[in-house]
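Asks: One structure follows; several queries about it will come next.
The values are calculated or read from the model by the stated rules, or taken from the named source; none is laboratory data. Just so it is clear, the model here is predicted, and its values are computed rather than measured. Here Cβ is always computed from backbone atoms with ideal geometry, including for glycine, and neighbour counts include all displayed protein chains. For the accessible areas, the whole protein counts, side chains as well, though only heavy atoms, and no ligand, DNA or RNA atoms are used. Shrake-Rupley method; radii C 1.70, N 1.55, O 1.52, S 1.80 Å.
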Amino acid sequence: MKVLKFGGTSVGTTENLHKIKAILTNDLDQKIVVCSAISGVTDQLVELSESIRFKNTPVITKKIDTLKENHFHFVNDLIKKPSKRENLKEGLNQIFNEILELTQKEYSETLSSSIITFGETLLTYIFNEYLMIEGVSSTLIKAKDFMLVDVIDNPNIKQVSKKLKSLLSKLPKTQLYITQGFVCIDEKGNISDLRRGGSDYSATIIGAAIDAEEVQIWTDIDGVHNNDPRYVDETYSISHLSYTEASELAHFGAKVLHPQTVSPVIPKNIPVSLKNVYDPRALGTMISNETYGEGLKGISAKDHITAVKIKSNKAVVGYDFLNIVFEVFSTYQTSIDMVTTSNESVSLTVDNKEHLEEIREELEKFAAVSITSGYSIICIVGQSLIKDKKSHKLFEILGYIPIHMISFGGSDSNIMLLIETENKIAALQLLNEKLFLAKEEIMAF
């Protein structure tokens, strides 16, 4: 069995749903299909949640009416037979009544999660009904019945597997099982979510849970590109990436892939392929435990980075100094991306500023602290990158772009550069010019 995930832009038009149906019925293999909400709907539901929080009843009513109108218009375009169309709308009305009932309750984080996950519920209901109308063997299953994720960064795959396999065993055998991405149940049994973009993560958790043959992530671009195509011309799709290479590119900003996507499938060696809904025949990118050539593969950039410089006041030095610094960040569960050290000082970066003031207070008990925002990390990725004869060219950008920190050595598959965000696009374009002169040249390791 395979797991196929389709994102918000992929399911965002009725034309695309027809394309997806063709992809799913291209063979008779059983598949679990994971869908996001229609593009933009989750943002609308977040706004609805905020309206509940501030008890803005007129806005609540207007937003629900808008959501219903948009989904009904979507159904009108998708389903041509009037009787089938009206039956589908009746089902949608029941879902909107559920949303309306929730808006009458007191605001809480749990209520907010319940509200913002309805986008996936609405889309998967529409899609499953459409498939059955088209004569495709399909069954809708609810993610909240099996996606028990008590720790988002470390999901209990065995727990999900037990629930999901039990659920599937009780259902009639069908070609397709349609379910929601993004949605999960927390350790208290409440509806929660896997954070924005988490449908990719849903797919690989499910893939690991059922020991899938393959997980396919379908988007509007043909795989992971060697650089950011939003800012750089003449990028190309990377045909193969190792789990490590893909994880590095995703963590440091490759938008096509959620940062945690590959982690669930690594222990079971399940390949993940990234495919293009608009060009299903394109090779896309295959991610697996195999390494296809050493050296430079791709570049990504991560924004909203804060630099923290910590200089010891001499009361604490050496290994005690480093130990205490890292303990402070650990206490406040704040991850560090880059770090450079000397005997009496540490420079590091974080992308989460939630507890930064508390961290500053702790650090200032034994050090002088300087905190500066407005940075981006550019990550250059490739297996055994240091062996690539072209790697030295990345330092040629020093003549054009100020670099505030360089990190290499934590992994042999990436080099990280800290730059001011205002210079990010210029840096990406310069690196593309210096490192990716031609696809054939780059891929011949």
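Asks: Please give the length that would be gained between residue 56 and residue 303 if that part of the chain were fully extended, namely 0.36 nm times their separation in residues minus their C-alpha to C-alpha distance (nm, one decimal). The partial results should precede the final answer.
Replies: Numbers: separation 247, 0.36 × 247 = 88.92 nm, distance 3.35 nm.
Separation in residues times 0.36 nm, less the Cα-Cα distance, equals 85.6 nm.
Asks: Based on the Cβ-Cβ distance of residue 354 and residue 18, what FRET efficiency does E = 1/(1 + (r/R0)^6) give at R0 = 41 Å, to the nearest 0.05? Walk me through the intermediate numbers first.
Replies: Values: r = 43 Å, r/R0 = 1.05.
After rounding, the FRET efficiency stands at 0.45.
Asks: Sticking with this structure for a sec: May I ask you to derive the FRET efficiency for residue 173 and residue 345 from their Cβ-Cβ distance with R0 = 56 Å, giving the value to the nearest 0.05?
Replies: Numbers: r = 63 Å, r/R0 = 1.13.
Rounded to the nearest 0.05, the efficiency is 0.30.
Asks: What is the angle, in °, between the Cα long axis of helix 82-103 and the longest principal axis of the Cα atoms in the chain? Nearest 10 is fine, range 0 to 90.
Replies: The answer is roughly 50 degrees.
Asks: Using the eigenvalues of the Cα gyration tensor, what equivalent ellipsoid semi-axes result for the chain when each is taken as the square root of five times the eigenvalue, whole Å, largest first?
Replies: So the equivalent ellipsoid measures 41, 28, 20 Å along its semi-axes.
Asks: Could I have the simple spin-label model distance between residue 195 and residue 333, label points 7 Å from Cα toward Cβ, reported in nm to one decimal?
Replies: Between residue 195 and residue 333, the simple spin-label model gives 1.1 nm.
Asks: Applying the Karplus parametrisation 6.51 cos²θ - 1.76 cosθ + 1.60 with θ = phi - 60° to the phi angles of the stretch 276-283, what ³J(HN,Hα) value in whole Hz is obtained for each residue in order, glycine and proline being reported as x?
Replies: Using θ = phi - 60°, the values come out as 10, 4, 7, 8, x, 7, 5, 5 Hz.
Asks: Looking only at 384, 166, 407, which one moves most when the chain is put into a Gaussian network model with springs between Cα atoms under 10 Å?
Replies: 166
Asks: Continuing with the same structure: For a quick size check, give me the Cα extents of the stretch 315-411 along its three principal axes, largest first, whole Å.
Replies: Cα extents, longest axis first: 45, 28, 24 Å.
Asks: Sticking with this one: How much accessible area per residue does the chain have, in Å², with a 1.4 Å probe? Show your work: numbers first, answer last.
Replies: Working: 20580 Å² over 445 residues.
Dividing the accessible area of the chain by its residue count gives 46 Å².
Asks: On a 21 Å Cα-Cα criterion, which of the cross-link pairs 297/434; 84/170; 142/173; 389/424; 31/142; 84/173 come out too long? Walk me through the intermediate numbers first.
Replies: On the way: 297/434 13 Å; 84/170 27 Å; 142/173 16 Å; 389/424 24 Å; 31/142 15 Å; 84/173 24 Å.
In this structure, 84/170; 389/424; 84/173 exceed 21 Å between Cα atoms.
Asks: Among the aspartates and glutamates, which fall within straight-line cross-link reach of residue 353, defined as a Cα-Cα distance under 14 Å, with same-chain neighbours fewer than 8 residues apart omitted?
Replies: 303, 337, 361
Asks: Sequence gap at least 6, Cα distance under 8 Å: using those rules, report the relative contact order of the stretch 310-436 to the nearest whole percent.
Replies: 24 percent
Asks: Also, I was wondering about something else. Would you report the distance distribution of C-alpha pairs in the stretch 70-120 as whole percents per 5 angstrom bin, up to the bin with the largest distance?
Replies: The percentages, shortest bin first, are 5, 17, 24, 19, 14, 11, 7, 3, 0.
Asks: Could you work out how far apart the two model spin labels at residue 87 and residue 411 are, taking each label as a point 7 Å from the Cα in the direction of the beta carbon, and quote it in nm?
Replies: Once both label points are built, they end up 5.0 nm from each other.
Asks: Can you tell me, using C-alpha contacts under 8 Å and at least 6 residues apart, the relative contact order of the chain as a whole percent?
Replies: Numbers: 838 pairs, mean separation 59.6, N = 445.
Relative contact order, the chain: 13 percent.
Asks: Over the stretch 239-366, what is the relative contact order in whole percent, taking alpha-carbon pairs under 8 Å and six or more residues apart? Walk me through the numbers before you get to the answer.
Replies: Working: 161 pairs, mean separation 29.3, N = 128.
Computed value for the stretch 239-366: 23 percent relative contact order.
Asks: Quick one: P(r) of the stretch 116-183 from all Cα-Cα pairs, 10 Å bins, percents rounded to integers, in order of increasing distance.
Replies: P(r) for the stretch 116-183, in whole percents per bin: 20, 45, 30, 6.
Asks: Under 25 °C and 0.890 mPa s, how fast does the stretch 314-370 diffuse according to Stokes-Einstein, given a Kirkwood radius computed over C-alpha pairs? Answer in µm²/s, whole number.
Replies: Details: Rh = 11.6 Å.
Approximately 212 µm²/s, per Stokes-Einstein.
Asks: Using θ = phi - 60° and the Karplus curve 6.51 cos²θ - 1.76 cosθ + 1.60, what whole-Hz ³J(HN,Hα) does each residue of the stretch 339-348 get, with Gly and Pro shown as x?
Replies: 8, 10, 9, 9, 5, 10, 8, 9, 10, 8
Asks: Using a 1.4 Å probe on the protein heavy atoms, what percent of the accessible area of the chain belongs to carbon and sulfur?
Replies: Numbers: 10030 of 20580 Å².
Exposed carbon and sulfur together represent 49 percent of the surface.
Asks: Fully extended, how many nm does the chain gain between residue 102 and residue 26 (0.36 nm per residue separation, minus their Cα-Cα distance)? Let's see the in-between values first.
Replies: Working: separation 76, 0.36 × 76 = 27.36 nm, distance 3.98 nm.
Value of the extension gain: 23.4 nm.
Asks: Between the stretch 37-84 and the stretch 332-375, how many Å separate their Cα centres?
Replies: Distance between centres, Cα-based: 42 Å.
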